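I have a structure I would like to understand better, so I am pasting it below and will then ask my questions one at a time.
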Amino acid sequence: MLVFILRRLIQSVVVIFLVSILVFIGVFSIGNPADILIPAEASQMERDAAIKSLGLDKPMYEQYFIFLSNAMKGDLGRSFVFNQPTISLITARMPATLELAFCALFLSLVIGIPLGMIAGYKANSLLDRTIMTGSILGFSAPTFWTAILLIMVFAVGLHWLPPSGRGQLGKILGITTSLATWDGIRHLVLPVTSLSLFKISLVTRLTRSGIRETLPMDFVKYARAKGLRKSRIVFVHVFRNVLIPIVTVVGMELGSLIAFGVVTETIYAWPGTGKLLIDSITRLDRPMIVAWLMITVMLFIVINLVVDLSYSLIDPRIRLQRKKS
Amino acid sequence: MMQDQSVLAVEGLRSHFFTRAGVVKAVDGVSLHVARGEILGIAGESGSGKSVTAFSILKLVDPPGRVIAGRVDFGGQDLLSCDEESIRRIRGKRIAMIFQDPMMTLNPLMSIADQMVESIKAHERTTRAAALARCAATLEKVGIPDAARRLLAYPHQFSGGMRQRVAIAIALLHKPDLIIADEPTTALDVTIQGQILHEMRQLCDELGMALIWISHDLAVLGNLCDRINVMYAGRVVEAGRAEDLLERPVHPYTRGLVGSVPGNSRRGQELTQIPGMPPNMLDLPDGCAFRPRCPRSGDECAMEIGVRVLGDGREYRCLHPHLESGK
Ligand SMILES: Nc1ncnc2c1ncn2[C@@H]1O[C@H](COP(=O)(O)OP(=O)(O)OP(=O)(O)O)[C@@H](O)[C@H]1O
Ligand SMILES: [Mg+2]
């Protein structure tokens, strides 16, 4: 097991290194930040000085090596715009993004799995058809559209919920979160709903097809022949087998929730990293974009590792195979 | 010929599958009975309805299939009209079943211990420790050494033969009145097969348990069973005492089956094969379903043919039976 984790970590380092090169090349090709950051009425001398102080006068490969050696020391550069370390800017906003992502994930599991199980067990019934039709809506409605619709109905129309921003924060178990206050929760409802609609549909469909695939298996019939109670068959025998695809997809989707909550964060003026990224891109804040991408890549790597580890928790075949290697 | 000491008596069982292509009459009027300590064999080609018969007895036929008629009398109670909870209490506890494919019947994600303990706890209140001790003892009984340690293993760490022993052990956990074993040894090699047959026979004698053993292999059934029912296209075409039936098959189909078993063909007699193809279950001929393949059939075989009784418990459904002595 330890060998497995070690090997994965080495792979990760290689991946991060390669990604850093790609990111650097990509960011360079977007445009020259000097054009945006330096006021047009500045003199040529002021201009040269600014470019020099930002390090933009050096050739690309040299800038890259400076970045790399700093990154080794845990420094991902300073933001051109805010003139602060990019890492502290991102980590300051990370909790807001994580809060949104985990709440959406939680909601999609808590709603999606039961719906999928009902649909799978009652396949082709009216209930199943209703759930499946609903999930198609959740699948095909674009996030920005549902987000705006939700604001129109529940904030503008009914005045039930605030339209944007993050509410009052509080502490639960030492973690600062909106969930600690009623105002915070009210602010969370709309963005979490619009972010999770797609995931709920996804989890519902995944669970349903997992159930449909597992139910005809011999071991399910055998479990019945042993005289097990229905609850045990459903929640232990069938559910465990359905869990494997769910964990896979949830892992992938959690990454995308964190990384691409951009649209939702922008519409609801949610002070998370997604909004920071959009702002940085429009201002060509190179170090900010690079740092954001690097941190996101690392997040994906960590999530994938966790997913892989939970496979071996669920499936003894994988667990024992890894023990051997 | 229902007997008083019957553990199980099935009357006129019909289970059909309502598929898109049509109705599959997988079981179409099966009657059978088995007494305490008796071993009943069910023989027949693939697709003749052996497994569906077994599943029907425990109400385990899944859609699109359905038991549409019949009685399954078990200790004076009709299992087919039981509600779900009453039949659940019987499954595994009083009638245990061993499935056809040992590789597929155990849940791959659960340890052997968990899968054995849950079968105990489904019917009894005990502590896990007590249940585990009983599981280990039962595993030892079916020939799995070092059982306490092997309980911790997972199905994929066991060979096919070992898994089938686990399934047999699970069936024995509650010392049921009846075990239905659906070709439990077809996936195993011959030596292990013989070993398991021997052990099952002993266990039956020891515990006074009744056993229904399903197999397409007549030679296996001949060695193991007291009586044999031969099925064809969802019906029992011949039933009788094992030695008798193998010695003097009356139904042309049984005769064909017996002739195709290497060990059974008598000196000078050639190994024969039943001509023709197994029947299309979606489109069975009227009357005797074996008619198109039967060397003796005539037009009259298209009639509905009732059960005929010969002395000594032999029953058959045929208008042209091999009744001439000798040969
Ligand atoms: N789920 C199903 N849907 C449609 N037809 C089915 C289904 N299950 C079984 N059948 C049909 O019922 C008939 C009897 O099947 P069964 O499994 O009882 O045969 P069997 O005698 O056990 O054969 P084998 O020796 O191959 O196990 C077959 O013709 C099969 O096609
Ligand atoms: Mg079968």
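The values are calculated or read from the model by the stated rules, or taken from the named source; none is laboratory data. Note that this is a predicted model, so its numbers are computed, not measured. Neighbour counts run over all protein chains shown; Cβ positions are idealised from the backbone, glycine included. When the accessible area is computed, the model is the full protein with side chains, heavy atoms only, and any ligands, DNA or RNA have been set aside. Shrake-Rupley method; radii C 1.70, N 1.55, O 1.52, S 1.80 Å.
Averaged across B:100-108, how many Cβ atoms of other chains sit within 10 Å of each residue's Cβ atom?
Values: counts 1, 2, 1, 1, 5, 9, 4, 13, 7.
That average works out to 5.
First compute the accessible area of chain A with a 1.4 Å probe, then give the percent of it belonging to carbon and sulfur atoms. Kindly include the intermediate steps, with their values, before the conclusion.
Details: 11850 of 16820 Å².
So the carbon and sulfur contribution to the accessible surface is 70 percent.
Same structure, new question: Pick from A:GLY170, A:GLY116, A:GLY138: which is most flexible by mean-square fluctuation in a GNM of chain A where alpha carbon atoms under 10 Å apart are linked?
Top of the fluctuation ranking is A:GLY170.
Keeping every protein chain in place, order A:MET152, B:MET116, B:MET277 by accessible area at 1.4 Å, biggest value first, i.e. largest first. Could the numbers behind the result be given before it?
On the way: A:MET152 115, B:MET116 0, B:MET277 150 Å².
In descending accessible area the options line up as B:MET277, A:MET152, B:MET116.
Can you give the average number of partner chain beta-carbon atoms within 10 Å of each beta-carbon in peptide A:213-222, as a whole number? List each step's numbers first, then the result.
On the way: counts 0, 1, 1, 1, 4, 9, 10, 3, 9, 14.
If you average over the peptide's residues, the count of other-chain Cβ atoms is 5.
Let me ask something else. What's the average, rounded to a whole number, of partner chain beta-carbon atoms within 10 Å of each residue's beta-carbon in B:155-162?
If you average over the peptide's residues, the count of other-chain Cβ atoms is 1.
Set the Förster distance to 51 Å, then compute FRET efficiency between A:VAL156 and B:GLN157 from the Cβ-Cβ distance, nearest 0.05.
0.25
Over the stretch A:1-108, what number does the Rg to Rh ratio reach, with both radii from the alpha-carbon atoms and Rh per Kirkwood?
On the way: Rg = 18.6 Å, Rh = 17.1 Å.
Taking Rh as the inverse mean 1/r over Cα pairs, Rg/Rh reads 1.09.
Can you tell me how the stretch B:113-214 classifies by the Cα gyration tensor, rounded, prolate or oblate, using a/c under 1.5 as the rounded cut? Spell out each step's value before the answer.
On the way: a/c = 1.89, a/b = 1.24, b/c = 1.52.
It comes out oblate by the Cα gyration axes.
While we're on this one: Can you tell me the relative contact order of chain A? Whole percent, Cα pairs under 8 Å, sequence separation 6 or more. Intermediate values should be presented prior to the final figure.
Details: 359 pairs, mean separation 85.3, N = 325.
Averaging sequence separation for qualifying contacts and normalising by length gives 26 percent for chain A.
With every protein chain present, what accessible area does B:CYS301 have (1.4 Å probe, heavy atoms only), rounded to the nearest 10 Å²?
The accessible area of B:CYS301 comes to roughly 10 Å².
Residue by residue through the stretch B:111-126, what is 3J(HN,Hα) from phi via Karplus (6.51 cos²θ - 1.76 cosθ + 1.60, θ = phi - 60°)? Round to whole Hz and write x for glycine and proline.
Calculated HN-Hα couplings, in order: 5, 4, 4, 4, 6, 7, 4, 5, 5, 6, 5, 5, 10, 9, 9, 9 Hz.
Any idea how far the Cα center of the stretch A:13-66 sits from the one of the stretch A:263-322, in Å?
24
Given the rule -39500 (n - 2.57) for each run of at least 4 DSSP H residues, summed and divided by the residues of chain A, what is its mean residue ellipticity at 222 nm, to the nearest 500 deg cm²/dmol?
Values: 14 runs with 233 residues, N = 325.
Helix contribution divided over all residues of chain A: -24000 deg cm²/dmol.
Just to confirm, what accessible area per residue do you get for the stretch B:1-137 at 1.4 Å probe, in whole Å²? Numbers along the way, then the final one.
Details: 5540 Å² over 137 residues.
Spelled out: the 1.4 Å probe surface of the stretch B:1-137, per residue, equals 40 Å².
Hey, got the Cα dimensions of chain A along the principal axes, in Å, largest first?
Computed over the Cα atoms, the extents are 86, 60, 37 Å.
Quick one: what do you get for the stretch B:49-157 if you divide its Cα Rg by 2.2 N^0.38 Å?
Against the compact-globule rule of thumb, the ratio is 1.24.
For the stretch A:167-325, take every pair of Cα atoms, bin their distances at 10 Å starting from 0, and report each bin as a whole percent.
9, 24, 30, 22, 12, 3, 0
Now a separate question. For A:VAL19, what accessible surface area do you get with a 1.4 Å probe? Give it in Å², rounded to 10.
30
Let me ask something else. Using a 1.4 angstrom probe on the protein heavy atoms only, line up B:HIS16, B:HIS320 by accessible area, largest first.
On the way: B:HIS16 15, B:HIS320 55 Å².
If we order B:HIS16, B:HIS320 from most to least accessible, we get B:HIS320, B:HIS16.
What is the distance in Å between the Cα centroid of the stretch B:234-256 and that of the stretch B:135-205?
Rounded to whole Å, the Cα centres lie 30 Å apart.
Could you pull the Rg and Dmax for chain B, using just the Cα atoms, both in Å?
20.3, 66
Continuing with the same structure: How big is the accessible area of A:ASP279 in square angstrom, nearest 10, if you roll a 1.4 angstrom probe over the protein chains?
Roughly 50 Å² of A:ASP279 is accessible to a 1.4 Å probe.
Still on this structure, I have one more. Determine, from the Cβ-Cβ distance of B:GLU140 and A:SER231 and an R0 of 22 Å, the FRET efficiency 1/(1 + (r/R0)^6), rounded to the nearest 0.05. Can you show the working numbers first?
Values: r = 32 Å, r/R0 = 1.43.
Calculated transfer efficiency: 0.10.
Another question, then. Report, ordered by chain and residue number, the lysines lying within cross-link reach of B:LYS59, taken as a straight Cα distance under 24 Å and ignoring same-chain residues fewer than 8 apart.
A:LYS122, A:LYS221, A:LYS226, A:LYS230, B:LYS25, B:LYS50, B:LYS93, B:LYS121, B:LYS175
What do you reckon, how do B:PHE290, A:PHE198, B:PHE55 stack up by accessible area (1.4 Å probe), largest on top?
Numbers: B:PHE290 5, A:PHE198 75, B:PHE55 30 Å².
Largest accessible area first, the list is A:PHE198, B:PHE55, B:PHE290.
Scattering from the C-alpha atoms of the stretch A:239-325 alone, worked out with Debye: what is log10 I(q)/I(0) at q = 0.16, 0.23 1/Å?
-0.72, -1.06
As a test of the definition: with a 1.4 Å probe, what buried accessible area, both sides summed, do you compute for A against B, in Å² to the nearest 100? If you can, show how the numbers build up before the last one.
Numbers: alone 18090 and 15450 Å², together 31050 Å².
The contact between B and A buries close to 2500 Å².
Can you tell which of B:SER86, B:SER46, B:SER297 shows the greatest fluctuation in a Gaussian network model of chain B with Cα springs below 10 Å?
Taking springs between Cα atoms under 10 Å, the residue moving most is B:SER86.
Name the residue from A:GLN63, A:SER108, A:SER53 whose Cα lies farthest towards the positive end of the charge dipole of the stretch A:48-140, charges +1 on Cβ of Lys and Arg and -1 on Cβ of Asp and Glu.
Working it through, the farthest residue towards the positive pole turns out to be A:SER108.
For q = 0.06, 0.07, 0.12 Å⁻¹, what log10 I(q)/I(0) does the protein assembly as shown give under the Debye formula with an equal point scatterer on each alpha carbon and no solvent?
Taken in order of the listed q values, log10 I(q)/I(0) reads -0.53, -0.66, -1.22.
B:HIS16: net charge of surrounding residues, Cβ under 9 Å, Lys/Arg +1, Asp/Glu -1, itself excluded? Could you put the intermediate results ahead of the total?
Values: positive: B:ARG14, B:LYS25, B:ARG66; negative: B:ASP28.
Charge balance in the 9 Å sphere: +2.
At q = 0.13, 0.14, 0.18 Å⁻¹, what is the log10 ratio I(q)/I(0) for the stretch B:160-236, with the Debye formula run over Cα points and no solvent?
-0.39, -0.45, -0.75
Which semi-axis lengths, in whole Å and largest first, follow from the square roots of five times the eigenvalues of the Cα gyration tensor of the stretch A:92-163?
Details: eigenvalues 155, 66, 22 Å².
The answer is 28, 18, 11 Å, longest axis first.
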